[in-house]
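Working notes for the structure below.
The values are calculated or read from the model by the stated rules, or taken from the named source; none is laboratory data. Here the structure is a predicted model, which is why all the values come from computation and not from measurement. Methodologically, a virtual Cβ is constructed for each residue, glycine included, from the backbone with ideal geometry; neighbour enumeration extends over all protein chains shown.
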Amino acid sequence: MGAVTGYLYLSALLFSLGVLGVLVGRNTIVILMCVELMLNAVNIAFEALSVHFQTLDGQIAVFFVMSVAAAEVAVGLAIVITLFRNYLSVETHDAVTLRG
Amino acid sequence: MSLAAIIFSILTIISSLGVIGCANPLNSALCLVLTLFFVAAHYAMMGAHFVAAIQVLVYAGAIMVLVIFVIMLLGLERDESSSDFKKPRNVLTAAVIGLFIGMLIVAVQSGVAGAPVDGLADASIVNDGGGHAIGQVLFTRYVLPFEITGMLLLAAIIGAVYIAHEQRKPLAEGRGLKAVRNRE
Amino acid sequence: MEKTLLLVPLFPLVGALLTYVISGKDERHHRMAGWIATFAAVGSFILTFQLWRALSAVEGSVITAHAWTWFEVLPFKVEFAFLFDRLAAVMTLIITGVGSLIHLYAIGYMSHDPERPRFFAYLNLFLFAMLLLVLGDNLLVMFVGWEGVGLCSYLLIGFWHRDMGNAVAGQKAFVVNRIGDAGFLLGMFLLVMMTGSLEFQQLSQQIPYVDPMMIELAAILLFIGAVGKSAQIPLYVWLPDAMAGPTPVSALIHAATMVTAGVYMMARMQVLYSFAPAALSVVLIVGTLTAFVAATIAIVQNDIKKVLAYSTVSQLGYMFMAMGSAAFSNGIFHVVTHAFFKACLFMGAGSVIHGCHHEQDMRKFGGLWRKMPLTFVTYLISTLAIAGFPFTSGFFSKDAILWTVFNVAEDAPAMNHTVVVFGDIPLNLFCWGVGVLTALMTAFYMTRSLMMTFFGKYRGHHEPHESPMVMTIPLMILAALAAGFGFVYGEAFMEYLVGWTRIDMQVGHHALAEHNEVYHTLELFSMGVAILGIVIGVLCYSVCSGIPKALVKHAKGLHNFLVNKWWVDEFYQAVLIRPLSGFSTFLFKSIDRVLIDGILVNGSGMFVEAGGDVLRRLQSGRTSSYAFLMFVSLFLLILLYLVFMPVPI
């Protein structure tokens with residue numbers, strides 16, 4: 001199999017594992033980390049295709065994804081801290097007050 | 001795909017399994033750091049040394065440190081109500097994810113990605129591992145997204161500070177985990 | 001002149017408003033109510049008189065007035081316009097003239113009633129509607145008036161509405177009227193379909209070219225409307241009940257004007273009816289039967305107003321007999337004379353009732369000729385008129401009708417009375433015979449009411465007194481007209497009306513011009529019948545007072561049958577009203593309650609509630625569930641993309 005295909009498989013697998021982690025996770029911070037995992041999977045795909053097509057656009061995309069990921073983590077952790085303050089827990093099943 | 005790439009891929013997958021499967025959130029964080037290192041290794045093997053360096057510096061170095069900070073700060077420990085994968089909900093989710101992976105594999109197979117199955121070109125276009133070229137492009141063609149990202153970071157900083165600002169009020173009666181647990 | 005014509009119906013309309021507004025303010029102003037209304041009516045009469053003078057000045061002219069275009073659905077157009085020709089002139093003079101007299105009378109009759117303003121406002125409103133009816137130049141404006149008088153009739157019959165019986169009577173009048181109106185509407189629709197217009201002048205031109213079947217059908221449908229409004233069989237049942245209203249109402253509406261609307265309609269639609277011989281036969285039969293049946297019931301009534309009510313139905317039957325013989329002006333002549341003597345009779349009865357402190361049962365009257373001489377004289381004259389005593393106006397009009405019925409086969413080639421009854425007798429002879437018998441009965445029962453009321457010994461408990469001048473002056477005027485109009489103006493009147501259209505002439509002219517032996521014989525015969533009836537009545541109720549009682553005893557079954565009005569009301573109740581009512585209740589229980597309330601309204605509410613209950617579970621509050629749903633959607637989207645939009649390699 002070609003290298004690009006291999007990297008795409010890897011990216012797909014990592015992404016799916018990230019999604020699984022988000023859906024199954026019970027600790028909010030773990031969920032946040034799985035989101036990072038998904039972003040990294042996407043980065044791998046971008047980078048592999050960028051190198052394959054001999055263009056820099058993919059690498060720039062990687063750059064920006066990383067920056068945005070950083071910003072997102074910062075805000076996300078702030079939210080986690082606030083969550084912890086209100087519920088004294090970051091477990092997802094403890095924050096169900098918006099029940100219908 | 002070279003042997004090294006395959007080995008590193010397997011390692012990446014194993015460590016990401018660790019991220020989602022560890023009971024202790026600190027262990028999950030450390031597994032994630034490991035995963036990020038392996039991903040950086042992939043970048044390096046592809047010839048994008050600059051991006052690899054940035055990955056380690058920013059992602060593993062800054063972001064994950066922040067996460068670990070918060071984990072330690074909140075004193076999160078191994079939690080009792082384990083998210084064990086034997087719960088029916090989780091089995092269903094895993095099954096759906098499995099289907100998802102299958103679909104993606106089929107997609108890649110059928111060439112939807114549009115990439116002809118080919119060998120990886122060498123890194124010759126990215127002269128010095130990419131730094132020089134990236135810099136050129138970044139500040140000419142992509143200067144607008146660059147600046148906006150700057151603004152985004154500013155907004156994130158301000159937002160994070162504001163959200164996490166210490167509340168003056170103590171935890172009142174009727175708030176907190178006990179109250180929540182009692183309500184149920 | 002056009003403006004004057006527009007003002008004629010406008011006066012009573014404004015009068016109604018003013019009456020209610022001005023005199024309704026407080027007790028002191030109530031006194032003005034009657035006077036305002038009467039002035040409006042008299043004003044209308046004066047204007048009508050002027051119009052009539054203008055009309056007569058020019059031979060063969062008509063006066064028209066156009067108010068506005070009502071609606072236009074091309075090519076069909078309806079104008080709100082008025083037509084004043086000879087027929088309209090006659091009707092309008094009667095309506096405003098007799099109407100004014102009755103307004104004057106009502107001032108006295110209702111002088112103690114605290115709700116006078118409302119009464120006089122309604123009375124004026126009625127005049128307005130009636131004027132619309134006769135002045136309209138197309139069927140639709142006439143129909144507006146038609147419905148308007150029905151409404152006013154309802155309002156006035158149920159005027160003392162706190163008594164449930166009166167309200168029910170008013171409702172009965174309105175509902176029965178409505179049944180007839182359905183026929184009227186269908187007739188109008190048919191005419192529009194066939195000719196594209198409802199204007200009388202246009203219809204007169206176009207009807208000869210319409211399919212004869214359609215003409216017959218339209219004629220019968222319009223007649224159904226007349227049956228309702230003019231109280232013929234089978235829709236007459238409301239008129240006796242309508243006596244629940246104040247007596248001026250009975251005089252105006254149920255004697256002189258509203259009930260003659262059907263007759264007027266037929267006169268207006270002469271052209272239509274002269275091309276519909278089968279319909280005319282129906283009209284003749286219905287009129288004859290009605291006249292007969294009503295007279296039989298009137299014989300045994302004890303309430304003086306009920307006698308007069310059935311008498312009205314009977315006389316209306318006569319009018320339709322005339323119409324059914326295509327003698328349209330004879331019918332109108334009888335309308336005019338009937339207006340005079342019947343209004344006088346009703347007002348006289350009202351005077352008696354008023355004088356005897358609202359007693360209406362004739363068995364409690366008696367010997368009133370001494371106490372109420374003016375009322376007595378006027379009532380006597382009018383009774384003679386209605387009985388057809390020689391040389392009274394009633395004699396002339398009734399005689400003319402009987403003559404045309406007798407003669408119709410010869411005189412009207414357009415009429416094909418090939419209908420025979422009882423084997424060999426042609427229809428018109430049969431109807432003539434029944435008409436003569438009814439005339440006998442009419443003379444008898446009217447004399448009976450006269451004798452029971454004014455002669456003999458007073459059998460009541462009150463102190464009877466004569467009525468004030470406001471009430472007796474109209475009585476005297478009308479009595480004079482009832483006595484003399486026929487003799488003095490009869491021929492001129494017939495000429496006047498007959499000259500109006502060509503169709504009438506065939507029959508009407510013969511009614512007057514053919515003074516041959518047959519005519520004279522029949523004339524003498526009618527006189528004899530009238531006098532015979534009167535004499536029998538006088539004898540039975542003064543000298544040989546045993547005879548009526550003996551008759552009642554021997555013919556108990558027949559008497560019972562008549563007293564119960566041929567059980568018609570009960571028949572309607574059992575056959576029509578009860579099943580309909582039951583059906584309606586059934587519909588209410590099943591469709592209204594179960595289907596609409598239960599399934600549709602409550603059901604849809606419950607469905608939404610239940611649906612909400614179910615869908616509520618989606619909002620579990622658990623973020624992982626939400627994320628899962630998002631992921632599934634994403635999955636499906638990618639799947640769809642892959643299936644439907646593969647990128648070529």
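Observations
- Among (1) at pLDDT 80 or above; (2) over 32 Å from the mean Cα position of the chain (by Cα); (3) surrounded by 11 or more Cβ atoms within 10 Å (Cβ to Cβ) - the single one C:Val568 does not satisfy: (2)
- The lone criterion from (1) surrounded by fewer than 23 Cβ atoms within 10 Å (Cβ to Cβ); (2) in a helix (DSSP H, G or I); (3) facing another protein chain (nearest Cβ under 7 Å); (4) small (Gly, Ala, Ser) left unmet by A:Gly21 is number (1).
- Test for A:Val96: is it within 14 Å of chain C (Cβ to nearest Cβ), under 20 Å from B:Leu74 (Cβ atoms) and free of Cβ contacts under 8 Å to residues at least 60 places away in the same chain: yes
- Within the stretch C:623-644, tally of residues that are buried (at least 16 other Cβ atoms within 10 Å of the Cβ) and facing another protein chain (nearest Cβ under 7 Å): 7
- Whichever residue in the stretch B:106-136 is assigned to a helix (DSSP H, G or I), facing chain A (nearest Cβ under 10 Å) and surrounded by fewer than 16 Cβ atoms within 10 Å (Cβ to Cβ) and, among such residues, is modelled with the highest pLDDT: B:Gln136
- Just one of the numbered conditions (1) within 11 Å of the chain's Cα centre (by Cα); (2) surrounded by fewer than 24 Cβ atoms within 10 Å (Cβ to Cβ) is not true of C:Pro234: (1).
Conditions (1) buried (at least 21 other Cβ atoms within 10 Å of the Cβ); (2) in contact with a strand residue (DSSP E or B) (Cβ under 9 Å, 6 or more places away or on another chain); (3) in contact (Cβ under 8 Å) with a residue 60 or more places away in the chain, marked per residue:
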| residue | (1), (2), (3) |
| --- | --- |
| A:Gly6 | no, no, no |
| A:Leu14 | yes, no, no |
| A:Thr28 | yes, yes, yes |
| A:Cys34 | yes, no, no |
| A:Ile44 | yes, no, no |
| A:Glu47 | yes, no, no |
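- Any hit, the stretch C:48-58, residues being in contact with a Phe, Trp or Tyr (Cβ under 9 Å, 6 or more places away or on another chain), of a type in the set (Val, Ile, Thr), part of a loop (DSSP other than H, G, I, E, B) and at pLDDT below 85: no
- Residues that are modelled with pLDDT of 90 or more and of a type in the set (Gly, Ala, Ser) were ranked within the stretch C:111-143; the one that is farthest from the chain's Cα centre (by Cα) is C:Ala121.
- Close Cβ contacts (under 6 Å, 6 or more residues apart or on different chains) running from residues in the stretch C:547-565 that are in the same structural domain as C:Tyr310 (by TED's automatic domain parsing) to residues that are modelled with pLDDT under 80 and surrounded by 10 or more Cβ atoms within 10 Å (Cβ to Cβ) comprise C:His559/C:Val552.
- C:Ser23 vs. criteria buried (at least 19 other Cβ atoms within 10 Å of the Cβ), modelled with pLDDT of 80 or more and among the polar types (S, T, N, Q): no
- The listed residue being surrounded by fewer than 24 Cβ atoms within 10 Å (Cβ to Cβ) and closer than 17 Å to C:Val405 by Cβ, out of C:Val286, C:Val300: C:Val286
- Just one of (1) more than 14 Å from chain C (Cβ to nearest Cβ); (2) surrounded by 24 or more Cβ atoms within 10 Å (Cβ to Cβ); (3) at pLDDT below 95 fails for A:Ala78. It is (2).
- Residues of the stretch A:44-62 that turn out to be facing chain B (nearest Cβ under 7 Å) and assigned to a helix (DSSP H, G or I), as a count: 9
- C:Leu595, sole failed condition from (1) among the aliphatic types (A, V, I, L, M); (2) assigned to a helix (DSSP H, G or I); (3) exposed (fewer than 13 other Cβ atoms within 10 Å of the Cβ): (3)
- Any hit, the stretch A:33-42, residues being within 14 Å of chain C (Cβ to nearest Cβ), under 16 Å from B:Val51 (Cβ atoms) and either at pLDDT below 95 or assigned to a helix (DSSP H, G or I) (or both): yes
Residue-by-condition table, conditions (1) free of Cβ contacts under 8 Å to residues at least 40 places away in the same chain; (2) outside the structural domain of C:Glu466 (by TED's automatic domain parsing); (3) closer than 27 Å to C:Met471 by Cβ:
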position	(1), (2), (3)
C:Glu72	yes, yes, no
C:Phe84	no, yes, no
C:Gly97	no, yes, yes
C:His103	no, yes, yes
C:Ala106	no, yes, yes
C:Arg116	no, yes, yes
C:Asp137	no, yes, no
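- Matching entry among C:Lys342, C:Lys364 (being basic (Lys, Arg) and crowded, with 24+ Cβ neighbours inside 10 Å): C:Lys342
- Yes/no for C:Trp160 being assigned to a loop (DSSP other than H, G, I, E, B) and either touching a residue at least 60 places away in the same chain (Cβ under 8 Å) or more than 20 Å from C:Leu83 (Cα to Cα) (or both): yes
- Pairs, first of a type in the set (Ser, Thr, Tyr) in the stretch B:117-145, second buried (at least 16 other Cβ atoms within 10 Å of the Cβ) and at pLDDT 85 or above, C-beta under 6 Å, six or more apart: B:Tyr142/A:Ile60
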